[in-house]
Amino acid sequence: MIKPGTTTQISAGLLVAVVCIMVQARCWPYKNERDNYSAALANFEVFLVMMTALLLQGEGREEFDEENLGYVLITVNLMTVVLFVVWTAVQVFMERSEDEVNLKGSLKGSLKGGLKKEESGLEMQSNPMNKA
């Protein structure tokens, strides 16, 4: 249908990449916001790689410094991984901070109002030896 390695194939790939970006941005399919942003960034990177391939396939190829363009493409692709790791670390840190704040708040409330037997989670078992 479409010959491999042609400009038509790359153009079809670009079209698919754009459609994927639009569908992902419209549906926002993941529960976690970080996952949605990571997917959008990854889809955008696919688009950039396909666009670069189209530029290299076309006329005027002599104008591009292929070595530096390769470095740029590698950097752009690694940025997704770096951003994902940093975003994950920040979210984990924030969740831990929220848990600590919640724990401190519950401890203050427990100390202030005193613990009831049911709230403490501790129940004493009767010792059969002390039944005198």
Kindly provide the set of residues from the range 1-39 that are farther than 26 Å from Leu83 by Cα and β-branched (Val, Ile, Thr), ordered by number.
Ile2, Thr6, Thr7, Thr8, Ile10
Can you pull out every residue in the range 25-58 that is among the basic types (Lys, Arg), in a helix (DSSP H, G or I) and at pLDDT 90 or above?
Arg26
Residues located in the range 1-55, provided they are exposed (fewer than 14 other Cβ atoms within 10 Å of the Cβ) and among the acidic types (Asp, Glu):
Glu33
When you go through Val82, Val76 one by one, which is the residue that is under 17 Å from the mean Cα position of the chain (by Cα) and within 26 Å of Gln9 (Cβ to Cβ)?
Val76
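Identify all residues within the range 1-24 that are farther than 12 Å from Phe47 by Cβ and part of a helix (DSSP H, G or I); write none if there are none.
Passing the criteria: Thr7, Thr8, Gln9, Ser11, Ala12, Val23.
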Tell me, please, whether a residue that is at pLDDT below 85 and not small (Gly, Ala, Ser) can be found in the range 1-14.
yes
Here the residues within the range 59-91 that are part of a helix (DSSP H, G or I) and at pLDDT below 80 are Arg61, Glu62, Glu63, Glu66
Options Glu98, Glu67; residue that is within 28 Å of Val16 (Cα to Cα) and either in contact with a Pro (Cβ under 6 Å, 6 or more places away or on another chain) or of a type in the set (Asp, Glu) (or both)
Glu67
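The values are calculated or read from the model by the stated rules, or taken from the named source; none is laboratory data. For clarity, every value in this text was computed on a predicted model and none was experimentally measured. Every residue, glycine as well, gets a Cβ built from its backbone with ideal geometry; the counts of neighbours run over all protein chains shown.
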